[in-house]
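Notes follow the structure.
The values are calculated or read from the model by the stated rules, or taken from the named source; none is laboratory data. Since this is a predicted model, take the numbers as computed values, not measurements. FYI the Cβ positions are ideal-geometry reconstructions off the backbone, even for glycines, and counts take in every protein chain you see.
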Amino acid sequence: MFGNVVVIVSVSIISNGKILMIKEYKPNAYNKWNFPSGHIEWGEDILNAACREVKEETGLDINLLSTTGVYNFLSLSKDHIILFHFIGEIIGGSLLLEEQKIIDSKWVTINDILRWDTAQLREGIIIKNIAERLYNGINYPIALFSKLIAKEQ
């Protein structure tokens with residue numbers, strides 16, 4: 001049986017050389033570290049979705065700086081995932097985890113993520129791939145998405 005096609009946004013929030021990681025209270029992700037992330041809602045702009053998900057899960061307001069790319073994979077639940085990953089900086093708010101959905105948070109270095117066993121991460125191979133791009137400074141301008149969205153409207 002095939003799953004669904006799911007479009008996800010996730011964000012590496014970088015502050016003082018560290019990245020915010022969270023643990024979600026979800027059956028398929030319980031006790032696994034992940035970037036703040038979530039589904040794009042019907043008709044929602046990708047960039048707005050990324051900022052909304054971060055605000056909902058962490059209480060932080062962010063500015064998106066760039067993207068590490070788009071990742072296409074099958075999840076552990078057999079859904080086809082298309083994940084847009086961004087790099088963001090905090091511009092407001094305060095860390096307040098979404099009750100009953102986020103159970104823990106931690107500021108870590110890129111090297112910490114690269115050292116973690118993939119079993120500790122929600123989609124370990126994908127998260128490590130993102131961390132490697134962050135480590136190597138591989139990212140693309142956020143304007144790429146703004147230009148694409150403007151052409152479609």
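Within the range 131-140, is even one residue surrounded by fewer than 17 Cβ atoms within 10 Å (Cβ to Cβ), among the β-branched types (Val, Ile, Thr), over 24 Å from GLY3 (Cα atoms) and modelled with pLDDT under 95?
no
Which of the residues spanning the range 109-123 are surrounded by 16 or more Cβ atoms within 10 Å (Cβ to Cβ) and under 16 Å from the mean Cα position of the chain (by Cα)?
Answer for the range 109-123, where residues must be surrounded by 16 or more Cβ atoms within 10 Å (Cβ to Cβ) and under 16 Å from the mean Cα position of the chain (by Cα): ILE110, ILE113, LEU121, ARG122, GLU123.
Of the residues LEU64, LEU97, only one is of a type outside the set (D, E, K, R), surrounded by 14 or more Cβ atoms within 10 Å (Cβ to Cβ), modelled with pLDDT under 95 and not in a helix (DSSP H, G or I); which?
Of LEU64, LEU97, the one residue that is of a type outside the set (D, E, K, R), surrounded by 14 or more Cβ atoms within 10 Å (Cβ to Cβ), modelled with pLDDT under 95 and not in a helix (DSSP H, G or I) is LEU97.
For the range 82-127, enumerate the residues that are without any contact (Cβ under 8 Å) to a residue 12 or more places away in the chain and either acidic (Asp, Glu) or touching a Gly at 6+ places or on another chain (Cβ under 7 Å) (or both).
GLU99, ASP112, ASP117, THR118
If you go through the range 32-50 one residue at a time, do you hit one that is among the small types (Gly, Ala, Ser) and without any contact (Cβ under 8 Å) to a residue 12 or more places away in the chain? Even if it seems obvious, please write down each step before you answer.
To start, the set of residues in the range 32-50 that are among the small types (Gly, Ala, Ser) comprises 37-38, 43, 49-50.
Imposing the further condition that a residue be without any contact (Cβ under 8 Å) to a residue 12 or more places away in the chain reduces the set to 43.
Looking through the range 32-50, at least one residue is among the small types (Gly, Ala, Ser) and without any contact (Cβ under 8 Å) to a residue 12 or more places away in the chain.
For SER66, are the conditions met, namely being under 15 Å from LEU121 (Cα atoms) and either of a type in the set (Gly, Ala, Ser) or in contact with a Pro (Cβ under 7 Å, 6 or more places away or on another chain) (or both)?
no
Quick check, is PHE145 within 15 Å of the chain's Cα centre (by Cα) and either under 14 Å from ILE8 (Cα atoms) or modelled with pLDDT under 95 (or both)? Outline the logic, then answer.
Details: within 15 Å of the chain's Cα centre (by Cα): no; either under 14 Å from ILE8 (Cα atoms) or modelled with pLDDT under 95 (or both): yes.
No, not satisfied.
Taking only the range 20-40 into account, find how many residues are surrounded by fewer than 22 Cβ atoms within 10 Å (Cβ to Cβ), at pLDDT 95 or above and of a type in the set (A, V, I, L, M).
1
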